[in-house]
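This report concerns only the one structure given below.
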């Protein structure tokens, strides 16, 4: 890929105080006062004020990007702090946008931060992106990744994307008309539930730092025209080996052109309808339990219902399918710990004579465990919708949320 | 199984992220039957590396000589990259 022209025209001359601030990058070979003025004139849109936003936005601001828009609707939680280092203890419960804006103001109050407190989707991304030169995607879900790619392609703007999970990172640049896009690497989204999220699979915080910092560098390169962007190459990072490896890739010759935005939740197989158990238990099975009156043997049980059952002392087997470290944080009692990965070997411990309720953190893993148990003939099993997180939010605030 | 001892085609396979976790290595050379397809490579990988690799095969991208391939009937070529997607941010 040839080096593209700088993305942004230089702005006004910078005052001596600004030049002093940037003296250590003005000293860089190939980087000059004009490059600095391009940064000052640049408008960068970042999706997500989480791990990757934490590792990219401060560098964009400190390097002199004049305007940074951030899209996020979350509030800061305790479990964010290990990796989302723009937020601190005092920010817990605050909007992530307010928190990241304060952090940036602490680095350089001259930086303009624009807060987009919206769930970004097909209906609004083009309007938001219209005011920016480059898009950084640090989102945490597949629908948004394809949305970001397609919006960038439709507008002809470059996308810098990064993704992290466990000890692994990926980062690349997609720029329709200049090179392949995210869809040329991942033409088909994974089936829902097949790829763990960071809350399910974990993530090493310094992987965020590595990937987010590369994203920041790519944005700076695109804006100023220095170097060669990661077009047609995805860089992968493995923290366990400490190594980077790259994959060079070309456009998918079978791909359809991107002509419009679509329903990305549907594209990724995510239904906006909650999953409901509308099929009833198999009839006439010897294993059919005698349910307590009023106990719905359907697939799902909500937090209030479970609390009522526990309070009434109804005979149920409550099974915690999370990991031991999670149980050490909080648990709904009385329950038994059978981590999901061991369930297949410990299926003999599941009761068939009384209702069984499975729970996990947010209800994703328990839904998976429930499907397995149902296939194995446990028509007496259901799972807690929303997991212990919903239980804490709804009926038992003393349980620590994570 | 592939004809590891036979006179087949040599394919250099690189594994990334969860694929490397499943294979317990970052790359290896496999000898496949002449005319081996992407589909037969996937079958071999799942046979060798089990459930973890099955998940990668179901959701990951296979790049044949640097171009993503969705057609299991296509011949594998000499260089394959196995890259699972993830969306954490």
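Could you check, for region A:69-81, whether at least one of its residues is farther than 26 Å from residue A:389 by Cβ, without any contact (Cβ under 8 Å) to a residue 12 or more places away in the chain and surrounded by fewer than 21 Cβ atoms within 10 Å (Cβ to Cβ)?
Among the residues of region A:69-81, not one is farther than 26 Å from residue A:389 by Cβ, without any contact (Cβ under 8 Å) to a residue 12 or more places away in the chain and surrounded by fewer than 21 Cβ atoms within 10 Å (Cβ to Cβ), which makes the answer no.
Within region A:369-402, work out how many residues are buried (at least 18 other Cβ atoms within 10 Å of the Cβ) and not in a loop (DSSP other than H, G, I, E, B).
14
Considering each of A:64, A:93 in turn, give the residue that is touching a helix residue (DSSP H, G or I) at 6+ places or on another chain (Cβ under 6 Å), at positive phi and modelled with pLDDT of 95 or more.
The match here is A:64.
Residue A:255 fails exactly one of the following numbered conditions: (1) out of contact with any helix residue (DSSP H, G or I) (no Cβ under 9 Å at 6 or more places or on another chain); (2) at pLDDT below 95; (3) more than 30 Å from residue A:387 (Cβ to Cβ). What is the number of that condition?
Every listed condition holds for residue A:255 apart from (1).
Within region A:217-226, is there a residue that is more than 20 Å from residue A:7 (Cα to Cα) and outside any loop (DSSP other than H, G, I, E, B)?
no
Given the criteria at pLDDT below 95, farther than 30 Å from residue A:326 by Cβ and out of contact with any helix residue (DSSP H, G or I) (no Cβ under 7 Å at 6 or more places or on another chain), does residue A:202 qualify?
No; evaluated as a whole, the condition is false for this residue.
Here are some conditions: (1) under 22 Å from residue A:198 (Cβ atoms); (2) within 19 Å of the chain's Cα centre (by Cα). Residue A:59 meets all but one. Which one does it not meet?
Only one criterion in (1) under 22 Å from residue A:198 (Cβ atoms); (2) within 19 Å of the chain's Cα centre (by Cα) is unmet by residue A:59, namely (2).
Looking at region B:59-67, can you tell me whether even one residue there is in contact (Cβ under 8 Å) with a residue 24 or more places away in the chain, more than 19 Å from residue A:142 (Cα to Cα) and surrounded by 21 or more Cβ atoms within 10 Å (Cβ to Cβ)?
no
Output the residues belonging to region A:197-231 that are in contact with a strand residue (DSSP E or B) (Cβ under 7 Å, 6 or more places away or on another chain), more than 17 Å from residue A:139 (Cα to Cα) and surrounded by fewer than 22 Cβ atoms within 10 Å (Cβ to Cβ).
A:231
Right, residue A:98: part of a loop (DSSP other than H, G, I, E, B) and either buried (at least 21 other Cβ atoms within 10 Å of the Cβ) or away from chain B (no Cβ under 12 Å) (or both) or not?
No.
For region A:312-330, which residues satisfy the criterion of being surrounded by fewer than 17 Cβ atoms within 10 Å (Cβ to Cβ) and in a loop (DSSP other than H, G, I, E, B)?
If the condition is that a residue be surrounded by fewer than 17 Cβ atoms within 10 Å (Cβ to Cβ) and in a loop (DSSP other than H, G, I, E, B), then A:313, A:314, A:315 are the ones that fit.
Here is a yes/no grid of residues against (1) in contact (Cβ under 8 Å) with a residue 12 or more places away in the chain; (2) over 21 Å from residue A:241 (Cα atoms):
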position: B:18; (1), (2): yes, no
position: B:43; (1), (2): no, yes
position: B:51; (1), (2): no, yes
position: B:74; (1), (2): yes, yes
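Would you check which residues across region A:251-268 are more than 14 Å from chain B (Cβ to nearest Cβ), closer than 16 Å to residue A:186 by Cα and surrounded by 15 or more Cβ atoms within 10 Å (Cβ to Cβ) and list them?
Selection gives A:258 alone.
Residues of region A:241-250 being in a loop (DSSP other than H, G, I, E, B) and either facing chain B (nearest Cβ under 9 Å) or surrounded by 17 or more Cβ atoms within 10 Å (Cβ to Cβ) (or both), which ones?
A:241, A:249, A:250
Would a scan of region A:124-133 turn up a residue that is touching a helix residue (DSSP H, G or I) at 6+ places or on another chain (Cβ under 9 Å), under 20 Å from residue A:60 (Cβ atoms) and within 14 Å of another protein chain (Cβ to nearest Cβ)?
The answer is no, given that none of the residues of region A:124-133 is touching a helix residue (DSSP H, G or I) at 6+ places or on another chain (Cβ under 9 Å), under 20 Å from residue A:60 (Cβ atoms) and within 14 Å of another protein chain (Cβ to nearest Cβ).
Pick out the one residue from A:187, A:205, A:192 that is more than 7 Å from chain B (Cβ to nearest Cβ) and closer than 29 Å to residue A:266 by Cβ.
When all the criteria are applied, what remains is A:192.
If you take just the strands (runs of 3 or more DSSP E) that sit entirely in chain B, which of them hold at least 2 residues that are within 14 Å of chain A (Cβ to nearest Cβ) and either touching a helix residue (DSSP H, G or I) at 6+ places or on another chain (Cβ under 7 Å) or modelled with pLDDT under 95 (or both)?
In chain B, B:61-64, B:79-83 are the strands (runs of 3 or more DSSP E) which contain 2 or more residues that are within 14 Å of chain A (Cβ to nearest Cβ) and either touching a helix residue (DSSP H, G or I) at 6+ places or on another chain (Cβ under 7 Å) or modelled with pLDDT under 95 (or both).
Give the residue that is farthest from residue B:85 (Cα to Cα), with candidates limited to residues of region A:149-182 that are surrounded by fewer than 24 Cβ atoms within 10 Å (Cβ to Cβ), within 14 Å of chain B (Cβ to nearest Cβ) and in contact with a helix residue (DSSP H, G or I) (Cβ under 6 Å, 6 or more places away or on another chain).
Looking at residues that are surrounded by fewer than 24 Cβ atoms within 10 Å (Cβ to Cβ), within 14 Å of chain B (Cβ to nearest Cβ) and in contact with a helix residue (DSSP H, G or I) (Cβ under 6 Å, 6 or more places away or on another chain), I get A:166.
State the number of residues belonging to region A:1-19 that are modelled with pLDDT of 95 or more and more than 12 Å from residue A:63 (Cα to Cα).
Residues that pass the stated criteria total 12.
The values are calculated or read from the model by the stated rules, or taken from the named source; none is laboratory data. Since this is a predicted model, take the numbers as computed values, not measurements. All Cβ positions, even for glycine, are placed from backbone atoms using ideal geometry, and neighbour counts span all protein chains on display.
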